[in-house]
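All of the numbers you see were taken from the coordinates with simple rules; none came from a lab. These numbers were taken from a predicted model, which means no experiment stands behind them. Cβ placement follows ideal geometry from the backbone for every residue including glycine, while neighbour counts extend to all protein chains displayed.
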């Protein structure tokens, strides 16, 4: 189909997370600029290994979309999220918490693309309290880049 002009890209070259982001962006009627930003955001997160590598591709894509929606102060309610994306919002939020904990690392990428991100700071403070409580109960270890001692 690529040879006949039906596709603009080779399907084998598209990563699973990117295809989900494109589908979700189309579902939410986001502009091409926003879709491209989300794909770049996803690639940065994947390369930096900031999300749980065992999560499904669709869940990782929804985590990026969730962070984006909260950053632009357009969070969705759990029911709305479930109805729109046919997924469990609790799972997406739990995995997204790892991104909110390191929002300082993501802020330059968002600022570089001139996207609003005021919601990140507010939500990050809330999520730090939630994660601290969950770790106290379950002893959950944070995913993400390894922490090195400064000795």
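Assorted remarks:
- Given R0 = 25 Å, the distance between the Cβ atoms of residue 28 and residue 107 translates into a calculated FRET efficiency of 0.65.
- Taking segment 42-117 and dividing mean pair separation by its residue count, relative contact order in percent (alpha carbons under 8 Å, at least six apart): 34 percent
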